[in-house]
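Read the structure below first, then the notes.
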Amino acid sequence: MKYRLTIILLFFTAVVFAQSEIKSGKLIQFSGIITDVDSNSVVPYVTITNQSFNEQKYAANYQGYFSFIAHPGDTLLFSAVGFTSKTFVLPSVIADSKFTAMIKLKTEIVYLRTVRVNPWATVEEFTKDFLSMKVADDDLAIAKRNVSPEALRGMIKTLPRDGQEISNGNYRYNFDRMMNVNMRQTNPLLNPFAWGKLMQTIFNGDKLRSEEQ
């Protein structure tokens with residue numbers, strides 16, 4: 001009995017000593033950036049849990065950057081909403097007092113169950129609506145109704161002109177304007193002002209001849 005008690009005390013002392021050694025061991029500055037594994041875009045506000053040291057929690061900033069004190073060999077859990085959690089274990093032997101790493105998280109795909117929405121609360125309501133339902137016309141009847149003169153006139157009044165129609169209208173307007181300008185410049189007989197000037201010249205000539213006589 002005495003030997004058993006001694007062994008238990010020695011085991012308990014060794015465990016406490018090992019924990020104190022871990023807590024008082026080497027400290028490092030662990031830093032890094034968290035990105036998406038597919039798009040390489042930063043993942044902001046990721047929660048980092050040190051599972052090897054009292055479940056201490058840290059958080060990355062809005063740019064996905066983090067930096068905190070850790071121990072070599074610590075197990076760190078990176079978790080964020082919409083991403084699969086990832087476990088990262090620090091190397092047991094780190095020569096420097098700081099360690100950096102690029103952490104990549106994978107987008108979590110959530111499959112939702114299919115929801116079927118029924119517009120009828122009971123079978124009786126469905127039967128009533130089904131019996132009173134108006135059967136739609138066939139494709140030929142629908143096509144004839146869509147191209148009827150009444151339907152076309154209604155679409156002409158309500159539908160706006162498309163780009164092709166506007167372009168054709170502008171082209172015709174510019175062409176008619178150009179032709180009118182050319183006709184006024186090349187044929188003065190079609191110009192009413194030219195006719196008025198001609199009549200005034202003839203009247204002045206007749207008046208001058210009558211005065212000379």
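The values are calculated or read from the model by the stated rules, or taken from the named source; none is laboratory data. If you're wondering where the values come from, they're calculated on a predicted model, not measured in any experiment. When we count neighbours, we look across all protein chains shown, and the Cβ atoms used for this are built from the backbone with ideal geometry, even at glycine. Surface areas here come from the heavy atoms of the whole protein model, side chains and all, with no ligands, DNA or RNA. Shrake-Rupley method; radii C 1.70, N 1.55, O 1.52, S 1.80 Å.
Report yes if residue 68 is touching a Leu at 6+ places or on another chain (Cβ under 7 Å) and not in a loop (DSSP other than H, G, I, E, B), otherwise no. Judged against the criteria, residue 68 is not a match. For the residues 55, 21, the requirement of being farther than 20 Å from residue 94 by Cα and modelled with pLDDT under 95 singles out 55.
Residue by residue, here is whether (1) touching a helix residue (DSSP H, G or I) at 6+ places or on another chain (Cβ under 9 Å); (2) surrounded by fewer than 10 Cβ atoms within 10 Å (Cβ to Cβ); (3) assigned to a helix (DSSP H, G or I) holds:
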position: 62; (1), (2), (3): no, yes, no
position: 76; (1), (2), (3): no, no, no
position: 81; (1), (2), (3): no, yes, no
position: 88; (1), (2), (3): no, no, no
position: 114; (1), (2), (3): no, yes, no
position: 119; (1), (2), (3): yes, yes, no
position: 128; (1), (2), (3): no, no, yes
position: 150; (1), (2), (3): no, yes, yes
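Take the conditions (1) touching a Phe, Trp or Tyr at 6+ places or on another chain (Cβ under 9 Å); (2) under 15 Å from residue 31 (Cβ atoms); residue 106 misses just one of them, which is (2).
Looking at 62, 58, just one residue is farther than 12 Å from residue 30 by Cβ and either touching a Gly at 6+ places or on another chain (Cβ under 7 Å) or among the aromatic types (Phe, Trp, Tyr) (or both), and that residue is 62. Against the conditions (1) at positive phi; (2) more than 37 Å from the chain's Cα centre (by Cα), residue 91 satisfies every one except (1).
Restricting attention to segment 94-111, the residues being among the charged types (D, E, K, R) and under 21 Å from the mean Cα position of the chain (by Cα) number 2.
Taken over segment 90-112, the criterion of being in a strand (DSSP E or B) and of a type outside the set (Gly, Ala, Ser) is satisfied by 98, 99, 100, 102, 103, 104, 105, 107.
Could you list, in sequence order, all residues of segment 39-52 that are part of a loop (DSSP other than H, G, I, E, B) and either of a type in the set (Val, Ile, Thr) or open to solvent by less than 40 Å² (accessible area, probe 1.4 Å) (or both)? Selection gives 43, 46. Here residue 179 fulfils each of the conditions (1) open to solvent by less than 80 Å² (accessible area, probe 1.4 Å); (2) aliphatic (A, V, I, L, M); (3) at pLDDT 75 or above apart from (3).
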